[in-house]
């Protein structure tokens, strides 16, 4: 019996620098050796006032389930992104249905950036930069190398994704970016 090809997708990066926080992601979704879609939108605004930005990596349906759950947690804990993410991570870890979801998320508001995983992790990035997905380590390295330059958060995220797309076959150059002013 042969297994179905595994789905690979995405590079998502967050950069917090100066008066901006940005989350950016590529648009490629691959199934095995085939590019299924090149312009997927994996970065979006959520929350009552669209004051939270998020990017996801992993299975799309699973990610949308988690985004929906996070929005509900944000309604329950308005203005408390950390608390909403911790409560989501608790549910994700203990709920029988959620436990099987295969995705990761980067989330940010004007005050904090976080990575939320199915292992129950809610991590704040070092130096304001974090990346996930198949090209995440490439984008993370590039963004860290650029953080001490005069480039803006948006420019760093864009360049980091360009570099990841040159190296990772599961990442393309179709970038979607959302930005929040932090001051």
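The values are calculated or read from the model by the stated rules, or taken from the named source; none is laboratory data. Just so it is clear, the structure is predicted and the values come from calculations on it, not from any experiment. Note that each Cβ is placed from the backbone with ideal geometry, even for glycine, and that neighbours are counted across all protein chains shown.
Among the numbered conditions (1) under 25 Å from residue 63 (Cα atoms); (2) assigned to a helix (DSSP H, G or I), the only one that residue 130 does not meet is (2). Among the residues of region 160-183, those that are closer than 26 Å to residue 51 by Cβ and outside any loop (DSSP other than H, G, I, E, B) comprise 160, 161, 176, 177, 178, 179, 180, 181.
Might you let me know whether region 116-124 holds any residue that is surrounded by fewer than 20 Cβ atoms within 10 Å (Cβ to Cβ), at pLDDT below 90, part of a helix (DSSP H, G or I) and out of contact with any helix residue (DSSP H, G or I) (no Cβ under 7 Å at 6 or more places or on another chain)? No, because not a single residue in region 116-124 is surrounded by fewer than 20 Cβ atoms within 10 Å (Cβ to Cβ), at pLDDT below 90, part of a helix (DSSP H, G or I) and out of contact with any helix residue (DSSP H, G or I) (no Cβ under 7 Å at 6 or more places or on another chain). Criterion first (touching a residue at least 12 places away in the same chain (Cβ under 8 Å), surrounded by 17 or more Cβ atoms within 10 Å (Cβ to Cβ) and closer than 21 Å to residue 101 by Cα) does residue 32 satisfy it? No. Among the residues in region 56-69, are any more than 19 Å from residue 44 (Cα to Cα), surrounded by fewer than 17 Cβ atoms within 10 Å (Cβ to Cβ) and in contact with a helix residue (DSSP H, G or I) (Cβ under 8 Å, 6 or more places away or on another chain)? No, there is no match, as no residue in region 56-69 is more than 19 Å from residue 44 (Cα to Cα), surrounded by fewer than 17 Cβ atoms within 10 Å (Cβ to Cβ) and in contact with a helix residue (DSSP H, G or I) (Cβ under 8 Å, 6 or more places away or on another chain). Within region 133-159, if we keep just the residues that are without any contact (Cβ under 8 Å) to a residue 60 or more places away in the chain and not in a loop (DSSP other than H, G, I, E, B), the residue that is surrounded by the fewest Cβ atoms within 10 Å (Cβ to Cβ) turns out to be 145.
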